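Let me begin by presenting the structure, written as structure tokens, before commenting on it.
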Amino acid sequence: MSPKRTYYGFTTFQQRKLLFETWEETGKITLACKKAHVSRGLFYYWKARFDEKGYGGLEEFESRAAHKLNKKGIRSVGYEKLTPQMIFCRKNAIF
């Protein structure tokens, strides 16, 4: 049985700053991740931004909104071909 993985939630700017300050002081990624309570994968995710923009790049992050939703447009589903009776059945869950 594999060991249970730890869940790390969203990070704050203070966590990310602590992460890279500790890493710069010690040079040890594992120690920095443990101290800031973040995963190693998250360290490498933010490292690219840190290398590019420094501490200023750690302040901003991409939107937490869902991306690439599988919503279909009206035309792609063919709703223009629905009759009023079909629309009534769908709205009232009559199948």
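The values are calculated or read from the model by the stated rules, or taken from the named source; none is laboratory data. Bear in mind the structure is a predicted one, so any value in this text is a computation, not a measurement. Note that we place each Cβ from the backbone using ideal geometry, even for glycine, and neighbour counts take in every protein chain shown.
What to note about this one:
- Contact map, the range 16-36: residues that are touching a residue at least 40 places away in the same chain (Cβ under 8 Å) and surrounded by fewer than 18 Cβ atoms within 10 Å (Cβ to Cβ) paired with residues that are among the aliphatic types (A, V, I, L, M) and in a helix (DSSP H, G or I), Cβ distance under 8 Å, separation 6+ or inter-chain. Pairs shown: Lys17/Leu58.
- Test for Arg49: is it in contact with a helix residue (DSSP H, G or I) (Cβ under 7 Å, 6 or more places away or on another chain) and modelled with pLDDT under 90: yes
- Among the residues making up the range 25-38, those that are in contact with a Lys or Arg (Cβ under 9 Å, 6 or more places away or on another chain) and not β-branched (Val, Ile, Thr) are Cys33, Ala36.
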